[in-house]
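Take a look at the structure set out below.
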Amino acid sequence: MSDITEFETSPVTPDKLQPARYFAASFAGEHVAGTEFVIGAMFVTWGVSTADIFWGLLWGNLLAVLTWTFVCAPIAVDTRLTLYAYLKRIAGPGTIRIYSVVNGILFCILAGTMITVSASAVRILFDIPAQVHWYPTDGRFVLVALAVGAVVVAIAIKGFRRVAQFAEVCAPWMILMFIAGALSMYPLLQAAAGGDAGFGEVADRFIWRGDKSELSAWHVAAFAWVCNLAMHGGLSDMTVLRYARRYEYGYFSAFGMFIGHYLAWVCAGIMGAGAALVLGKSITELDAGGVAYEALGSAGILAVIIAGWTTSNPTIYRAGLAFQSLRPSWNREVVTAVVGAVTTVIACFPFVFSRLMDFVGMMGLILVPVGAVIVAEHWLFPRLGYTRYWSQYRGQSTNLPAVLSWGIALLVAFGLNRAGVHLFFLLVPVWITATLAYLVLAGAMGARQAYPQASGDAQAEAERQAAEQACLAQARELGAAGRHRPGPLRRLSRGLALLALIACIGMALWALGGGDLQLFRRWLWLPTLVYFAAAILWVVRSESGDKAAA
């Protein structure tokens with residue numbers, strides 16, 4: 001085994017903290033994903049109006065960014081622990097066993113969906129029919145899913161740094177592919193609308209028709225907020241953000257939410273509507289690979305493959321840490337490999353596709369009460385005079401108030417949903433219920449008491465944080481003094497990568513202006529190949545300067 005250290009049970013040391021660009025790339029890469037093709041198409045089938053899409057996505061994604069920045073990132077940076085290590089301190093090993101199994105299973109299913117998305121593109125190369133049922137209808141698709149999963153797992157095993165570097169290479173191109181696909185499909189939709197129709201008319205007639213009045217901008221906003229609820233409100237992204245040098249790196253989630261979710265969902269809706277028009281099919285009969293291929297040709301196949309990879313990589317990484325937390329002595333790489341194998345088997349059965357939006361909503365609601373418990377203990381306990389880690393000081397294996405609060409919140413969610421409250425609107429009542437229940441129950445069961453161990457732990461943590469700040473200050477000074485002009489090969493590779501991206505978007509604008517769509521689809525692979533060659537070289541040459549980067 002390699003000597004990869006991921007600090008599964010201890011705080012990340014200052015020398016392992018990562019520069020800002022890793023988080024910008026990680027958020028952009030993870031949230032410009034293959035599932036964006038699926039979600040963008042689902043908004044079209046929802047029948048919401050154009051105005052509801054644009055306003056709803058604006059407010060919902062803004063709330064998600066704020067949750068990452070002011071809830072998840074500060075706790076991650078303050079503790080430098082994974083969610084699992086911190087929850088173990090708060091709620092004990094008994095609770096973490098329950099949580100890790102639930103969390104790990106959900107992340108395995110989610111990662112399996114991403115691998116299925118990638119496989120939906122590869123299947124085009126082998127003339128395999130689209131897999132739109134919950135089970136595979138062609139044995140060759142199973143082989144494709146297994147092969148794609150093997151690549152994804154190999155990257156996830158390498159740990160956070162390699163996952164982030166993979167996203168750093170792929171994210172800029174992936175973003176442009178969504179834009180290019182929308183630009184290439186739009187003239188077809190405009191021609192169908194009469195040739196001189198404006199964007200609003202085209203969108204209202206062929207994309208977001210607004211013909212289902214029960215779904216509104218509020219539903220769109222709520223979904224955009226809860227779509228990644230497990231990561232921000234449920235604090236799963238503590239696993240990633242513990243490597244951030246400052247909590248403000250949480251703002252980089254905007255790359256994922258606005259360039260990723262907002263822009264990608266809009267562009268995917270345009271591509272999906274255009275592909276359905278070209279093929280004369282309902283959008284529900286198309287998978288992500290089919291949509292991307294119609295819009296982008298062979299480059300679209302690569303786009304969907306990579307889009308699935310950039311999201312499934314960190315998701316499998318999270319799932320591996322979840323199961324590894326059950327027994328810290330287990331090797332993380334071995335656990336990640338086993339989890340990846342199970343996830344790849346799940347990917348052979350594309351059952352989540354049909355209810356993807358409901359799944360991500362339920363996943364977030366199942367996990368977010370635990371996030372509320374952690375937030376209450378981390379921030380509210382000191383202000384209320386409660387003792388943080390009180391359950392640990394009492395020698396309890398399971399923090400009963402935490403488990404009960406989790407269960408009470410889920411019962412409230414179930415009751416409200418049965419009463420007619422939409423799944424996407426349950427976040428706020430679930431969070432409030434879990435917080436209040438935990439404060440009341442913990443206060444009654446011992447959190448109000450003082451414990452002699454608390455002062456020693458608080459002092460040790462303060463000393464660790466002070467040493468970290470001193471180390472970071474020294475690193476900034478050394479970095480400023482030692483920073484030098486990039487070498488000629490690094491400058492050349494960066495320039496070539498930029499020119500290749502400009503060529504990609506230039507070709508898309510040419511198609512938008514009336515250029516030959518088939519010619520665009522046939523030759524888009526060329527600047528794509530140049531981009532990846534140059535970007536990989538640039539990242540490799542940049543690696544030596546990461547420790548000095550701000």
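Give the number of residues within segment 1-16 that are at pLDDT 55 or above, farther than 18 Å from LEU472 by Cα and either open to solvent by less than 50 Å² (accessible area, probe 1.4 Å) or of a type outside the set (Val, Ile, Thr) (or both). I'd like the intermediate steps shown before the answer.
Initially, segment 1-16 is screened for residues at pLDDT 55 or above, giving 6-16.
From what is left, the residues that are farther than 18 Å from LEU472 by Cα are 6-10.
Filter once more, keeping what is either open to solvent by less than 50 Å² (accessible area, probe 1.4 Å) or of a type outside the set (Val, Ile, Thr) (or both): 6-8, 10.
Adding up the residues that qualify gives 4.
For segment 210-250, how many residues are out of contact with any Pro (no Cβ under 6 Å at 6 or more places or on another chain), surrounded by fewer than 21 Cβ atoms within 10 Å (Cβ to Cβ) and under 24 Å from ALA470 (Cα atoms)?
3
In this structure, does PRO382 turn out to be in contact (Cβ under 8 Å) with a residue 12 or more places away in the chain and either open to solvent by less than 60 Å² (accessible area, probe 1.4 Å) or closer than 23 Å to ALA73 by Cβ (or both)? Working first, answer last.
Details: in contact (Cβ under 8 Å) with a residue 12 or more places away in the chain: no; either open to solvent by less than 60 Å² (accessible area, probe 1.4 Å) or closer than 23 Å to ALA73 by Cβ (or both): yes.
Here the answer is no, as PRO382 does not meet what is asked.
State which residue is modelled with the highest pLDDT when the search covers only segment 483-502 and only residues that are open to solvent by less than 50 Å² (accessible area, probe 1.4 Å) and of a type outside the set (A, V, I, L, M).
Restricting to residues being open to solvent by less than 50 Å² (accessible area, probe 1.4 Å) and of a type outside the set (A, V, I, L, M), the top hit is GLY495.
Within segment 72-79, is there a residue that is part of a helix (DSSP H, G or I) and free of Cβ contacts under 8 Å to residues at least 40 places away in the same chain?
Within segment 72-79, none of the residues are part of a helix (DSSP H, G or I) and free of Cβ contacts under 8 Å to residues at least 40 places away in the same chain.
Considering segment 205-244 alone, what residues qualify as being more than 17 Å from the chain's Cα centre (by Cα), assigned to a loop (DSSP other than H, G, I, E, B) and at pLDDT below 90?
Within segment 205-244, GLY210, ASP211, LYS212, SER213, GLU214, LEU215, SER216 qualify.
Just need a number here: residues in segment 387-405 that are without any contact (Cβ under 8 Å) to a residue 40 or more places away in the chain and in contact with a helix residue (DSSP H, G or I) (Cβ under 8 Å, 6 or more places away or on another chain).
Keep residues of segment 387-405 that are without any contact (Cβ under 8 Å) to a residue 40 or more places away in the chain, which gives 395, 404-405.
Right, trim to in contact with a helix residue (DSSP H, G or I) (Cβ under 8 Å, 6 or more places away or on another chain) and you get 404-405.
Qualifying residue count for the region: 2.
Filter segment 173-209 down to the residues that are closer than 30 Å to LEU498 by Cα and not aliphatic (A, V, I, L, M), then identify the one that is surrounded by the fewest Cβ atoms within 10 Å (Cβ to Cβ).
Here the answer is PHE199.
Taking helices (runs of 4 or more DSSP H) that do not extend beyond segment 268-347, which have at least 3 residues that are surrounded by fewer than 21 Cβ atoms within 10 Å (Cβ to Cβ)?
Values: elements: 288-296, 298-324, 332-347.
Answer list for segment 268-347: 332-347.
Looking at segment 80-93, which of its residues are open to solvent by less than 10 Å² (accessible area, probe 1.4 Å) and either touching a helix residue (DSSP H, G or I) at 6+ places or on another chain (Cβ under 6 Å) or in a helix (DSSP H, G or I) (or both)?
We begin by selecting, within segment 80-93, every residue open to solvent by less than 10 Å² (accessible area, probe 1.4 Å); these are 80, 82-84, 86-87, 90-92.
THR82, LEU83, TYR84, TYR86, LEU87, ILE90, ALA91, GLY92, listed by residue number.
I want to confirm something. Restricting to segment 122-150 and keeping residues that are small (Gly, Ala, Ser) and open to solvent by 30 Å² or more (accessible area, probe 1.4 Å), which single residue is farthest from PRO314 (Cα to Cα)? Full working, then the answer.
Residues of segment 122-150 small (Gly, Ala, Ser): 130, 139, 145, 147, 149-150.
Remaining after also requiring open to solvent by 30 Å² or more (accessible area, probe 1.4 Å): 130, 139, 147, 150.
Numbers: ALA130: 26, GLY139: 28, ALA147: 18, ALA150: 14 Å.
Ranking the qualifying residues of segment 122-150, first place goes to GLY139.
The values are calculated or read from the model by the stated rules, or taken from the named source; none is laboratory data. Note that the structure is predicted; figures quoted are calculated from it, not measured. Ideal geometry is used to build each Cβ from the backbone, glycine not excepted, and the neighbour counts take in all protein chains shown. These area figures cover heavy atoms from the full protein model, side chains too; ligands, DNA and RNA do not enter into them. Shrake-Rupley method; radii C 1.70, N 1.55, O 1.52, S 1.80 Å.
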